[in-house]
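Values quoted throughout were computed directly from the atomic coordinates according to the rules given, and no laboratory measurement underlies them. Bear in mind the structure is a predicted one, so any value in this text is a computation, not a measurement.
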Amino acid sequence: MAQPVTTPPAGPPTTPPNSPTVRPWTIAAIVVAAVLLAVGSFFSVRALTSVDVPDAPTGLKLDAGTGRLVATWDAVPGATGNQLVRDDGIVVYRGTETEVVDASVPAGEHTYRVAALDGDTVSPPSPSQSVRTGATWGVFAPLVAQFPELLPQTPDTAARWGNAECVRRYAGGRDEVGPSETGNGKVRTVFVVRCAAGAVDRPFGVFWFASKDALNAEYSRSSATSRPVRWKHGTGLIDENGRGVFKITDDPARELAMIVVLETPAQNVLQMVDSMPI
């Protein structure tokens, strides 16, 4: 005979031993802590990686003087430098000054803006300022400026001395840049201006050379047929045709310049060069 199966009476569920009960407020606390940790980490990383950008400079002013442009602006507190830009990105200056001369600006309408620097960080640019400039000697203006009395500081004006008028002539001699059978391809001459003081019968010129060796090489070419002379700023040579070449040996800032004077019925070469305001 089959025995009856006895089923235990139903009762409340039992909790396994050692199984902790997780209460809702505990879960909420964990979530809040996680959120606070994430937010704190975000701001910590931001503090470590953020870069302070300088303010844009203010007060940019442009003064288009004779043969050059002067830009000035107000310093930005905390900035380590400044960058002046002309037109479509031509960097005129990068440094610590807040007054800059742009001696190589060509004639025409130009726009300038300036930014502050903090290391490699660049501020937003200042509001642009526009100006119209006259004719200049371009990149060679600093060379012409070595002789402020002798040479006109712009091509379309006369010099203070003798009302001298000058024209530019960039040229290496034929032996420098001429055909391969005569030229060596190496330019000694950087810049030349040819001038006439007061009248066309008082001609002279100023040559600038790439180095002292280049100047001396040109000087030596005249020595074979020339007599040596002394003038008030150094040594010179005058050849049989009355062409004089003169080195400036008492001023290191102008030692790469050479004065050339041609003798005419209106001028004696040595007297002419000694009268020059150098």
If the viscosity is 0.692 mPa s and the temperature 37 °C, what Stokes-Einstein diffusion coefficient in µm²/s follows for segment 61-165 when Rh is the Kirkwood radius over Cα pairs?
-> 223
Euclidean distance of C-alpha centroids, segment 151-165 and segment 79-114, integer Å = 27
Rounded to whole Å and sorted largest first, list the principal axis extents of the Cα atoms in segment 110-169.
-> 50, 24, 20
